Each structure stands twice: as structure tokens, then as C-alpha cells.
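All of the numbers you see were taken from the coordinates with simple rules; none came from a lab. These numbers come from a predicted model, not from an experiment. Cβ placement follows ideal geometry from the backbone for every residue including glycine, while neighbour counts extend to all protein chains displayed.
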Amino acid sequence: MAAVTNFEEITARELKPGLLELDGISRESVEAHYRLYQGYVGKRNEIMRRLGDVDLGAANQIFSELRGLKLELSFAVGGIKNHEVYFEHLGGDGGAPKGAIGKLIERDFGSADAWREDLKATGLAARGWAWTAYDWDEGRLFNYLGDSQNTFPIWNATPLVALDVYEHAYFMDFGTDRASYIDKFLDNLDYDVVNDWVQKYGIRK
Ligand SMILES: [Fe+2]
């Protein structure tokens, strides 16, 4: 039997026009970044197709091809999901977190400033991502660290803020000054979008 017998191709989400007019993050940088995201979508579809050729009855294929493809798949799917959060919640005016997310942040971090300081530090310490995610088992927000697209998301936690700290996210505009990029990222966050997610997922204070 093949490793995948049926799958549907997915398509990249469109880039919101507002993303090309961010404050301090250039159109060129966002366009290049978006092409990377499109690449992850293409890669995911290609890997799923190739999994259809893997014969699960052949032991040598399981330990070579299946392993390799599934590792690559986790990287591509991580790249898709991370960037879909990232692009979707940019294009706003930043400022103090408001509404439901503001209340959750205050409850779980003590204050918006404390959250911001911890997220920024986590983003400086990470090699790929910092996420503010709601952990459904703990019933609270936490700033998690990721080194790559597929390391280290936490099971049963939902990302509400996804801060991309890969160099590709900021090098064009900020050089090596990641701290200034993180400040600009926060200045462009759209808390209305984040609050829509809080409501959609049914996260309660
Ligand atoms: Fe990225």
C-alpha cells in the first residue's frame, strides 16, 4: 500500500494588500517573504504526491524515503501554518493589546509590558519563531520558542501571535538589528485579528 492514497492540493492564501504598506517593514521584504511561504505550499503538495509512491510493504523505503519525506513534510507544513498566522495578523496599528487578548495577556503575564518584554526576549533567543500561544491543558498563554518551522510547537496549544525571527523576515530592512525589527513587528500587529481568533477558538478569560 502507498503511504498516501489520496490527498488534496492546497493553495497559498492571498497576501492582504495592507501587508505591502506596513510601517517600517518594506514591500520588497514582505513580497520576498510571501514567495517563501508560497514555496512551502508547493513543497507540501510535492511531498504528498511523492508519498503516494512510497510502498509501505518495502522496509527499505520506510526507513529511507518515508522518513525523509515525513521530516520534510513537517518542515513545509510548519512553514505554511506559521506564516499564515504571521501574515494574517500584521497590517494593524500595534499599540497596547486590547479586547480579549489584552485581558488574557494581563492575566497571564501580569501586564502588557511584561508580555512584550518576554516575547521580545524569546524572539531574540530563538532561531526561528516566538509564539504567544494558548495552552488548552494549562488554560493560559505562554511565549514559546521555536528554532525552525517544525521545532518546537507544543501540542494542544494554539498560536495567537507568531513572531518570525528568521533572518529572511528582517535582514533586508534591519540588517542584523533584530531587536528593532521585533519592535516594528509589534507596531504592525492587528489585535482585531487576534481577538477574532480568541473568539473563534472559544478561548475564555
Ligand atoms: Fe518567514
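When you look at Thr158, is it out of contact with any Lys or Arg (no Cβ under 9 Å at 6 or more places or on another chain) and either in a helix (DSSP H, G or I) or of a type in the set (A, V, I, L, M) (or both), yes or no?
No, not satisfied.
One residue is enough: does segment 49-57 have a residue meeting the conditions more than 16 Å from the ligand (Cβ to nearest atom), over 21 Å from Met1 (Cβ atoms) and exposed (fewer than 13 other Cβ atoms within 10 Å of the Cβ)?
No - not one qualifying residue is present in segment 49-57.
Within segment 119-128, restricting attention to residues that are part of a helix (DSSP H, G or I) and in contact with a helix residue (DSSP H, G or I) (Cβ under 9 Å, 6 or more places away or on another chain), which residue is surrounded by the fewest Cβ atoms within 10 Å (Cβ to Cβ)?
Leu124
What single numbered condition from (1) within 18 Å of Gly95 (Cβ to Cβ); (2) of a type in the set (Ser, Thr, Tyr); (3) touching a strand residue (DSSP E or B) at 6+ places or on another chain (Cβ under 7 Å) fails to hold for Tyr191?
With (1) within 18 Å of Gly95 (Cβ to Cβ); (2) of a type in the set (Ser, Thr, Tyr); (3) touching a strand residue (DSSP E or B) at 6+ places or on another chain (Cβ under 7 Å) applied to Tyr191, the lone miss is (3).
Does Val41 fit the bill of being away from the ligand (no atom under 16 Å from the Cβ) and either small (Gly, Ala, Ser) or surrounded by 14 or more Cβ atoms within 10 Å (Cβ to Cβ) (or both)?
Answer is no for this residue.
Checking Asp164 against (1) among the charged types (D, E, K, R); (2) in contact (Cβ under 8 Å) with a residue 40 or more places away in the chain; (3) away from the ligand (no atom under 14 Å from the Cβ); (4) within 14 Å of His89 (Cα to Cα), which test does it fail?
(3)
Quick one: how many residues across segment 192-205 are farther than 18 Å from Gly123 by Cβ and either of a type in the set (Ser, Thr, Tyr) or assigned to a helix (DSSP H, G or I) (or both)?
So the answer is 9.
From (1) assigned to a strand (DSSP E or B); (2) away from the ligand (no atom under 14 Å from the Cβ); (3) closer than 24 Å to Ala76 by Cα, pick out the condition that doesn't hold for Phe142.
All conditions pass for Phe142, except number (3).
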